[in-house]
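Written below as structure tokens is the structure these notes are about.
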Amino acid sequence: MVKEIIRIPTKDAELIFGITDEGKFTQLHFGKKIVEKISCDETNCLEPFEYYPMNGRGNFNQPAVDIVFPDGSSIGDFRYVSHKTVRDKPMINGLPTSRGDKDQTINIVLKEKIHDVYLKIFVTAYKEENIFSQSIQIVNRMDDPVVIERALSLHLSLPDNDYDLLTLTGSWGREVQDEWARLRRGIQGVDSKQGITGHGQNPFIALRKASIAHCLDEVYGFNLIYSGDFLSQVEVDAQDHTFIQTGLNGAHFSWYLEPDQVFSTPEAIFSYSANGLQQLSQQFHQFIEKFILPETFSKKVRPILLNNWEATYFDFTREKILDLAKVSAELGIEMLVLDDGWFGQRADDTSSLGDWQPNEAKLGGTLQSLISEIESMGIDFGLWIELEMVSKNSALYNEHPEWVIASPYREAVEIRHQYMLDLSQECVQDHLIQTISQLLANHAIKYMKWDMNRSMTDRFSQGLSTLQQRELGHRYVLGLYRVFSEITQAFPDVLFEGCCSGGGRFDLGILSYMPQIWASDNTDAIDRLRIQSNLAIAYPPSTISCHVSAVPNHQTNRYTSLDTRVNVASFGTLGYELDVTQLTLAERTEVRKQIERYKKHKEVYQFGCHFQLKPFFDQQQVAWQKLSKDGKTVIVTITNRLGRIQSTNRLLKLVELDPQAIYQVGNRQYSGSFLMIKGLPIGTVSRDFASDSFILSKVDE
Ligand code: DGJ
């Protein structure tokens, strides 16, 4: 029997807990807000699900936590001790956390029935955004150590199983491909055991209520503020219950917790919408912009940059970079980014990671002299770095082979001719902080592309004891966050862009320090339609870095028009990545105009409310709408995958406009209600890969 209930509401959603008369802490509801008071009769017909179960006492599903106690047993039964509202949302030790409003966090304390081990659950409700966050602390108050084998951030239950599960999976160059699958009995979902979130799977998952989709589109979304091994999974049990779990992946993990020590899990973020995926995405977008992105940049428009990678790869000279900068400045581009190859002896990917001294012979002088020359053209300078790595062929590796993640008894696996530095060691973290601080303090660098190009193998750290070796993956991420935190605090005005061979680490952990991330090494506009649309299910467009590149495209060999390329790249934070000196005069004029248009509406492109106007599975066309925060500007982009003969689809329905208002597009005017009920005339965009874009302005009464 439930003797007490705890309700945690947001504007439209609600999480309800129940404490049973045996002291079990249970979840009674997660979903639409039950506005009214709940009676005893109603409480009694809600199934109470143990909120944070262990195994060994009748829970035969995946546990939320698995601890080996000093007696060797891992039978666990956590019981309610207390709960209270805490004034300030606590920081999580060593891990990024979303900023909190006052008095919105509830701290629930549970204790294992016979062992002095406590769970502290922190749940925060973000009322306006309909978002909840949760992190857990495990506190060892015993006289001996315990070993944590599994510690998830979230274990939520739904009483039924009629759901479709959305996952965003893929590979290098085709990240975040959307897949919907009907839930089946057993365990399903995504995870990473690569030491990074990885290209193969994004931690975000969603569940859509399947059986009543025709009248009500209920959707639940889950994400994690973390950048390493994770799992986001769903289990359907024999009684048709659904359990959602997100958190650290236990595959390579265990944690030795000494007496009086505390272990904190990453923070899980979850949300509910009764109005479909579109609204769920808006809720995540608003929340991430307001509470996760670094405050200096969360609302600040980002520069249009030219990155030299696809223009030159490693093969550049000072003259070439200055030529690129000169043409960029003429085109209206605001920053030149020098990518890989500026340091040590790096002429290809076989050497020099770790030796971060500018190669003055290749740069034709000091790095600062190059920067000054670029700045004199009226544009800023940005630099690429891959600090977490070391090449076997480097001075740093010769000096500190013990800084590499590798067992001294095996030859470590090389990927892209490089090893991962062991960021679990404080001295390695200090070295990285010092290296980058010197670079940033001594050069006028306004932006930094933080790359990372391999997964973790050979998990062994020379800095950890025998008992702690399985802590390495998590300690690496903690070390990385310390480096990020120190450098972003010391250089708050430098814009950092995350990158991991494209989108191999697109997650909320990175976004807590770096407000934008390179979405994919695949710059082909047609492939980017799906990658960018899908990223925006979970992440705001301002965080998605998109570039216009050359044709034929370097990854797919496809030809697309400049129009198509810029329309697609204007989806989020726009950049260019091609040899602009090779553009014809006509192309330069076109690019200049495109840049002017993007600059004029930068705020809307980057921070406007984003809507996907066609179903995600539409094979023919992708259509996006951006609506400025003040509702006065609407940007609509429609792009063909393949053209379709005799397509009669000439009106595109828009959303969320003011029905009474008049909108001007070119020399025509339409009412908001016409645009939403009938649609915007888009002509016939029938050719393969064709794209069109429309800017609508609300006419003042
Ligand atoms: C991988 C990144 O995704 C690319 O954009 C580029 O920076 C290369 N690394 C450089 O090595």
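Would you mention how many residues in the range 144-179 are touching a residue at least 60 places away in the same chain (Cβ under 8 Å) and more than 16 Å from Gly503 (Cα to Cα)?
Here the count works out to 21.
Among the residues of the range 334-351 satisfying the criterion of being within 15 Å of the ligand (Cβ to nearest atom) and in a strand (DSSP E or B), which is nearest to Met377 (Cα to Cα)?
The selected residue is Leu336.
Which one of these is within 18 Å of Tyr313 (Cβ to Cβ) and away from the ligand (no atom under 16 Å from the Cβ): Leu367, Leu363?
Values: Leu367 fails: within 18 Å of Tyr313 (Cβ to Cβ).
Residue meeting the stated conditions: Leu363.
List, please: which pairs have Cβ atoms under 9 Å, are six or more places apart or on different chains, and start with a residue in the range 277-288 that is surrounded by fewer than 22 Cβ atoms within 10 Å (Cβ to Cβ) and end with one that is part of a helix (DSSP H, G or I) and of a type in the set (A, V, I, L, M, F, W, C)?
Sorted first by the residue in the range 277-288, then by its partner, the pairs are Leu277/Ile537.
Do you know which residues across the range 455-470 are surrounded by fewer than 22 Cβ atoms within 10 Å (Cβ to Cβ) and not aliphatic (A, V, I, L, M)?
Ser455, Thr457, Asp458, Arg459, Phe460, Gln462, Gly463, Ser465, Thr466, Gln468, Gln469, Arg470
Please go through the range 551-608 and pick out each residue that is of a type in the set (Val, Ile, Thr), within 24 Å of Leu627 (Cα to Cα) and either surrounded by fewer than 17 Cβ atoms within 10 Å (Cβ to Cβ) or within 16 Å of the ligand (Cβ to nearest atom) (or both).
Thr573
Restricting attention to the range 515-538, report how many residues are under 14 Å from the mean Cα position of the chain (by Cα) and more than 14 Å from the ligand (Cβ to nearest atom). Reasoning before the result, please.
Start the filter on the range 515-538 by keeping residues that are under 14 Å from the mean Cα position of the chain (by Cα), which leaves 515-520, 531-538.
Subset that is more than 14 Å from the ligand (Cβ to nearest atom): 515, 532-538.
The total comes to 8.
Report yes if some residue within the range 354-373 is at pLDDT 95 or above, assigned to a strand (DSSP E or B) and either crowded, with 20+ Cβ neighbours inside 10 Å or within 33 Å of the chain's Cα centre (by Cα) (or both); otherwise report no.
Initially, the range 354-373 is screened for residues at pLDDT 95 or above, giving 354-373.
Filter again for assigned to a strand (DSSP E or B), leaving 358.
With either crowded, with 20+ Cβ neighbours inside 10 Å or within 33 Å of the chain's Cα centre (by Cα) (or both) added as a condition, the list becomes 358.
Scanning the range 354-373, I find at least one residue that is at pLDDT 95 or above, assigned to a strand (DSSP E or B) and either crowded, with 20+ Cβ neighbours inside 10 Å or within 33 Å of the chain's Cα centre (by Cα) (or both), so the answer is yes.
Is it the case, given these coordinates, that Arg99 is in contact with a helix residue (DSSP H, G or I) (Cβ under 7 Å, 6 or more places away or on another chain) and surrounded by fewer than 22 Cβ atoms within 10 Å (Cβ to Cβ)? Steps first, answer last, please.
Numbers: in contact with a helix residue (DSSP H, G or I) (Cβ under 7 Å, 6 or more places away or on another chain): yes; surrounded by fewer than 22 Cβ atoms within 10 Å (Cβ to Cβ): yes.
It is true that Arg99 is in contact with a helix residue (DSSP H, G or I) (Cβ under 7 Å, 6 or more places away or on another chain) and surrounded by fewer than 22 Cβ atoms within 10 Å (Cβ to Cβ).
I need the full set of residues from the range 259-276 which are over 17 Å from the mean Cα position of the chain (by Cα) and either of a type in the set (A, V, I, L, M, F, W, C) or buried (at least 19 other Cβ atoms within 10 Å of the Cβ) (or both), in order please.
Once the filter is applied, which keeps residues that are over 17 Å from the mean Cα position of the chain (by Cα) and either of a type in the set (A, V, I, L, M, F, W, C) or buried (at least 19 other Cβ atoms within 10 Å of the Cβ) (or both), the range 259-276 yields Val262, Phe263, Ser264, Thr265, Tyr272, Ser273, Ala274.
With respect to Tyr256, is the statement that it is touching a residue at least 24 places away in the same chain (Cβ under 8 Å), part of a strand (DSSP E or B) and surrounded by fewer than 21 Cβ atoms within 10 Å (Cβ to Cβ) true? Break it down stepwise before answering.
Working: touching a residue at least 24 places away in the same chain (Cβ under 8 Å): yes; part of a strand (DSSP E or B): yes; surrounded by fewer than 21 Cβ atoms within 10 Å (Cβ to Cβ): yes.
When the stated conditions are applied, Tyr256 passes them.
Scanning the range 305-333 for residues that are buried (at least 23 other Cβ atoms within 10 Å of the Cβ) and part of a loop (DSSP other than H, G, I, E, B), which turns out farthest from the ligand (Cβ to nearest atom)?
Ranking the qualifying residues of the range 305-333, first place goes to Ile333.
Within the range 17-45, track down each residue that is modelled with pLDDT under 90 and either assigned to a helix (DSSP H, G or I) or closer than 16 Å to Asn107 by Cα (or both).
Within the range 17-45, the first condition is being modelled with pLDDT under 90, and the residues that meet it are 35-45.
Listed by number, the residues that qualify are Cys40, Asp41, Glu42, Thr43, Asn44, Cys45.
Per-residue answers, yes or no, for (1) of a type in the set (S, T, N, Q); (2) in contact with a helix residue (DSSP H, G or I) (Cβ under 9 Å, 6 or more places away or on another chain); (3) within 30 Å of Leu280 (Cβ to Cβ); (4) surrounded by fewer than 19 Cβ atoms within 10 Å (Cβ to Cβ):
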{"site": "Val81", "(1), (2), (3), (4)": "no, no, no, yes"}
{"site": "Gly94", "(1), (2), (3), (4)": "no, yes, yes, yes"}
{"site": "Leu110", "(1), (2), (3), (4)": "no, no, yes, no"}
{"site": "Asp116", "(1), (2), (3), (4)": "no, no, no, yes"}
{"site": "Val123", "(1), (2), (3), (4)": "no, no, yes, no"}
{"site": "Tyr126", "(1), (2), (3), (4)": "no, yes, yes, no"}
{"site": "Ile131", "(1), (2), (3), (4)": "no, yes, yes, no"}
{"site": "Asp144", "(1), (2), (3), (4)": "no, no, no, yes"}
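Can you tell me which residue among Leu440, Leu472 is hydrophobic (A, V, I, L, M, F, W, C) and within 25 Å of the chain's Cα centre (by Cα)?
Details: Leu440 fails: within 25 Å of the chain's Cα centre (by Cα).
From the options Leu440, Leu472, the qualifying one is Leu472.
Kindly indicate which of Ser501, Ser485, Ser512 is away from the ligand (no atom under 16 Å from the Cβ), small (Gly, Ala, Ser) and either surrounded by 24 or more Cβ atoms within 10 Å (Cβ to Cβ) or closer than 28 Å to Glu310 by Cα (or both).
Values: Ser501 fails: away from the ligand (no atom under 16 Å from the Cβ); Ser485 fails: either surrounded by 24 or more Cβ atoms within 10 Å (Cβ to Cβ) or closer than 28 Å to Glu310 by Cα (or both).
One residue alone meets the criteria, Ser512.
Name the one entry in Thr633, Thr684 that is more than 28 Å from Leu168 (Cα to Cα) and in contact with a His (Cβ under 8 Å, 6 or more places away or on another chain). Full working, then the answer.
Numbers: Thr684 fails: in contact with a His (Cβ under 8 Å, 6 or more places away or on another chain).
Only one candidate qualifies: Thr633.
Which condition breaks for Glu14 when tested against (1) over 18 Å from Ala151 (Cα atoms); (2) assigned to a loop (DSSP other than H, G, I, E, B); (3) without any contact (Cβ under 8 Å) to a residue 60 or more places away in the chain?
Answer for Glu14: the failing condition is (2).
What number goes with the only condition from (1) at pLDDT 95 or above; (2) on the phi > 0 side of the Ramachandran plot that Gly276 does not pass?
Single failed check for Gly276: (1).
Name the pairs whose Cβ atoms lie under 8 Å apart, with the first residue in the range 613-637 and surrounded by fewer than 22 Cβ atoms within 10 Å (Cβ to Cβ), the second in a loop (DSSP other than H, G, I, E, B) and of a type in the set (Val, Ile, Thr), and 6 or more positions between them or separate chains?
Leu613/Val655
Suppose we filter Ala206, Ala213, Ala268, Ala251 for residues that are closer than 30 Å to Glu656 by Cβ, at pLDDT below 95 and small (Gly, Ala, Ser); which single one remains?
Numbers: Ala206 fails: at pLDDT below 95; Ala268 fails: at pLDDT below 95; Ala251 fails: closer than 30 Å to Glu656 by Cβ.
One residue alone meets the criteria, Ala213.
If you check Val81, Val146, Val86, which single one turns out to be touching a Phe, Trp or Tyr at 6+ places or on another chain (Cβ under 8 Å) and either among the basic types (Lys, Arg) or under 19 Å from Ser254 (Cα atoms) (or both)? Spell out the reasoning first.
Values: Val81 fails: either among the basic types (Lys, Arg) or under 19 Å from Ser254 (Cα atoms) (or both); Val86 fails: either among the basic types (Lys, Arg) or under 19 Å from Ser254 (Cα atoms) (or both).
One residue alone meets the criteria, Val146.
Only one of these is in contact with a strand residue (DSSP E or B) (Cβ under 7 Å, 6 or more places away or on another chain), assigned to a strand (DSSP E or B) and farther than 16 Å from Ile6 by Cβ: Ser98, Ser135. Name it. I'd like the intermediate steps shown before the answer.
Values: Ser98 fails: assigned to a strand (DSSP E or B).
From the options Ser98, Ser135, the qualifying one is Ser135.
Could you grab me the full set of residues in the range 374-393 that are assigned to a loop (DSSP other than H, G, I, E, B) and crowded, with 21+ Cβ neighbours inside 10 Å?
Taking the range 374-393 and keeping what is assigned to a loop (DSSP other than H, G, I, E, B), we get 376-379, 386-388, 392.
Answer for the range 374-393, where residues must be assigned to a loop (DSSP other than H, G, I, E, B) and crowded, with 21+ Cβ neighbours inside 10 Å: Ile379, Glu386, Leu387, Glu388.
What do you reckon, is Leu675 touching a Gly at 6+ places or on another chain (Cβ under 9 Å) and not aromatic (Phe, Trp, Tyr)? Write out each step before concluding.
Values: touching a Gly at 6+ places or on another chain (Cβ under 9 Å): no; not aromatic (Phe, Trp, Tyr): yes.
It is false that Leu675 is touching a Gly at 6+ places or on another chain (Cβ under 9 Å) and not aromatic (Phe, Trp, Tyr).
The values are calculated or read from the model by the stated rules, or taken from the named source; none is laboratory data. Bear in mind that the values here come from a model prediction, so they are computed numbers and not experimental data. Glycine gets a Cβ as well: all are built from the backbone with ideal geometry, and neighbour counts include every protein chain shown.
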